[in-house]
1. If I stretch the segment between ARG201 and GLU217 completely, what's the gain in nm (0.36 nm per residue apart, minus their alpha carbon distance), one decimal?
2. At a Förster distance of 51 Å, what's the computed FRET efficiency of ASP159 paired with ASP228, Cβ-Cβ distance as r, to 0.05?
3. Please compute the per residue accessible area over region 196-241 with all protein chains in place, 1.4 Å probe, rounded to a whole number of Å².
4. How far is it, in nm, from the label point at ARG7 to the one at SER169 when both lie 7 Å from their Cα along the line to the Cβ?
5. With a length cut of 27 Å (Cα positions projected on each helix's long axis) and a Kyte-Doolittle mean of at least 1.6, go through the chain and give me the DSSP H helices that pass.
6. I need to check one value: relative contact order of the chain, counting alpha carbon pairs closer than 8 Å and at least 6 residues apart, in percent.
7. Given 0.36 nm per residue, what is the gain on full extension from THR193 to LYS23 after removing their alpha carbon distance, in nm?
8. Among DSSP beta bridges lying fully in the chain, give the percent that are antiparallel, nearest 5.
Amino acid sequence: MNITILRFDTIGSTNDEAARQAKLGAPEGLCVVASKQTAGRGRHGRVWVSEKGSGLYFSIILRPAIETRFLPLITLMTGIAVHDTLSELGIKPDIKWVNDILVKGKKISGILAETVDTPTGLAVVVGIGINLTSRNFPPELAATATSIEAEAAHHQEADVEQRLTGLLSYWYETLSGADGPDEILRNWKRRSTYFSRKPVRVTTPAGVCEGVTDGLEENGALRLRTADGTTRVIQAGDVELLRVL
Ligand code: BTN
């Protein structure tokens, strides 16, 4: 993939700008990066706090040729790339289904993948926020979030961005290749303690359910074994770890 970076000092949301560029015909591999976002978004319309220089605010345009049923694997593929970027900096991350990267249970990065209809076909904008410093965390985030600065001995922002684009290209090529979906699932499993036997509560559009994780479906959906012995397949939802007393 040919990576091109479009850099902004301040922008509303890098995902919105990437979607706009995709509609104008921008090719796969165009990345929008900003030092500050004034309307940074997380999943479910949540705010992604985006103070100047406090995080990497990054969105990439993809034009995937994979079967539509495998599109959800793009979030998992991105999770692997972010995980490996942080590992290269000496951090030991975990991936919480489906879009959270954690270090010692605290969130260091989130992923927001959105599909966009464009004149040349469907594009996917993948937004990635990585906390670079904890210094400007608002009080409500301080207990639940962490940053590269807090977890790694040394780093440079440019270094994080360069490693991330390299690893995204690698894992996206893997996903797009023969046996790609299986390869992504196998690699996600190796990097996530949430793959199986994790007691969790999942909040879905249909309600809340609790159980133990039991692997992923071929499209990346989460299997949850509930107390009555049935298995539920979760296509979308928020996962919370349940502490076992
Ligand atoms: C989440 O954990 O809910 C996803 C957070 C995604 C945040 C990133 S920051 C860059 C890109 N632009 C946005 O507005 N959101 C994503």
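1. Extra length available between ARG201 and GLU217 comes to 3.9 nm.
2. E between ASP159 and ASP228, to the nearest 0.05, is 0.55.
3. 53
4. The modelled label-to-label distance comes out at 1.8 nm.
5. Membrane-span-like by this criterion, though nothing is claimed about a membrane: none.
6. Relative contact order of the chain: 17 percent.
7. Fully extending the segment from THR193 to LYS23 adds 57.4 nm.
8. 85
The values are calculated or read from the model by the stated rules, or taken from the named source; none is laboratory data. All of these numbers come straight from a predicted model, not from anything done at the bench. All Cβ positions, glycine included, derive from the backbone under ideal geometry; neighbour counts span all protein chains shown. Heavy atoms of the whole protein, side chains included, go into the accessibility calculation; ligands, DNA and RNA do not. Shrake-Rupley method; radii C 1.70, N 1.55, O 1.52, S 1.80 Å.
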